[in-house]
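The values are calculated or read from the model by the stated rules, or taken from the named source; none is laboratory data. Computed from a predicted structure; not experimentally measured. When we count neighbours, we look across all protein chains shown, and the Cβ atoms used for this are built from the backbone with ideal geometry, even at glycine.
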């Protein structure tokens, strides 16, 4: 196990309350906006075995907004890195910016020293320095790359496509990247400062929900007693962010051209710092063929929610003069817009923003009955668990899996006084303190939930339970144990953590033996959805798919007040980041390190 240098890690901007340097002067990256350099929108293509990627401070403009950015090779997003499965890759990362930098190859199977996380797998590349990445390309599909430093929300990210050796199981005539992101003229330091002062600072919906939302008087009193907001969906909203597609805001008129009769592949990548998007093309169905770079059995749908850091590939057949691609933020405070056009300048109507969603009892973690108490604990066995258990087998807490115990429904949840802060239901390993302001007393598996606001629309919506791997998985061993991790936080104080501990309070990493097969259960005690990402591995969603066909992913959305499970084969040695991919959640503590160590007496 490699020792983690938390001092250097914190200095890179991850882990605790002061990690973004809030006490420091205005950061030097703003100089790019002042010297006249402006990043180009969109991505150039980089291919081959030896690439150079140069990071520089820049200005950026979209619509009427002008501010600071960080460009790679002069563009935001940075270059589309297009590779081929089986090749070797060398990348020279040149830092001409004023802050330390890195590249994390999101979803890529790389040696851990090439993973690009300052303080865990490397040191930050300082201004004026060059770092060389070298690794073989062992996979195919749609991925992306990004900084693991403060430069990420400013534009240091880009798409990555790996063409497969074998022919793909679907056909298409055109291939487009749809890279989603959020950008603001406000610096990351300022955003963090405001969130720490008040977690609801950017929630402009909170001032009107009492008048505009259909809530009963008792529901309003319930929310008031809990000192919570039913509109607390996104930490930073469209009043602050411009939502971008390939670096283009809604006013920038991005087009994707097509000819009549063509099948078009759209590779959706959510490279946003903080924004979930609801994706639809009004009047045009989408066939989803890939999730997180891995082929799935095709699923036709009309809309899907894409979490931060996820990717979905879809195939469409445009049948009109123009179609609008709509990327509506989860809180419905704004949208990214682009046009599928049969000729330059053709346009379709842009739908109005829909009514913002409202959190429910289920999002509080008291919406149903769950198999097993969140506070149960035990040893390292998995007795009574069937091989390939589906989404219904939501069991256990701690690191055990014994017989299945039906948990009791939250008594009095629909009436009387609810206690959303009953920490007695938490297991002993969860540290109770000011960093926890809510506890899910009855979390249920929510693999079949399509996302906030999408469970009552009048068209088809994708959810995790519909994902089935296109080919059987290579490892179908029964997991030997369960590891339970609680997602915890305090929205008012803007504190985020795993098991009640921020990263700079953690003394030991999560440890797995090399090639160990583990079932991991995530319990979300907060009322926000969290995209949880494990570096260096794919894991299998426990979503009810047939044996051997659980879908592979690298990022998993854990719904508010709910739970989710995945099966992991820990087959990549080293120290790996494990974190929420909401930028400011990670940077205030929802971050851990997973160490995969050799078996005793086994190969080193």
**Study point:** Condition met for residue 158 (part of a loop (DSSP other than H, G, I, E, B) and modelled with pLDDT of 95 or more)
**Key:** no
Review point. Is at least one residue of the stretch 341-361 part of a loop (DSSP other than H, G, I, E, B), over 26 Å from residue 491 (Cα atoms) and at pLDDT below 95?
Key: no
Practice item. Please find, among 315, 366, the residue that is more than 22 Å from the chain's Cα centre (by Cα) and outside the structural domain of residue 202 (by TED's automatic domain parsing). Key: 366
Practice item. Residues that are buried (at least 23 other Cβ atoms within 10 Å of the Cβ) and not assigned by TED's automatic domain parsing to the domain that holds residue 439: find the strands (runs of 3 or more DSSP E) completely inside the stretch 464-555 holding 3 or more of those. Key: none
**Study point:** Selection status of residue 295, closer than 28 Å to residue 470 by Cβ, at pLDDT below 95 and out of contact with any helix residue (DSSP H, G or I) (no Cβ under 6 Å at 6 or more places or on another chain)
**Key:** no
Exercise for review: Return the only residue of 38, 120 being in contact (Cβ under 8 Å) with a residue 60 or more places away in the chain and either closer than 27 Å to residue 571 by Cβ or assigned by TED's automatic domain parsing to the domain that holds residue 150 (or both).
Suggested key: 120
Check your understanding: Checking residue 568 against (1) in a loop (DSSP other than H, G, I, E, B); (2) more than 16 Å from the chain's Cα centre (by Cα), which single condition isn't satisfied?
Key -> (1)
Revision key, fill the gap. Reported set for the stretch 500-516 where residues are touching a residue at least 40 places away in the same chain (Cβ under 8 Å) and closer than 23 Å to residue 569 by Cβ is 509, 510, 511, 512, 513, 514, 515, 516
Point to revise | Leading residue by the ranking (nearest to the chain's Cα centre (by Cα)) among those in the stretch 114-133 that are assigned to a strand (DSSP E or B) and closer than 30 Å to residue 312 by Cβ | key: 118
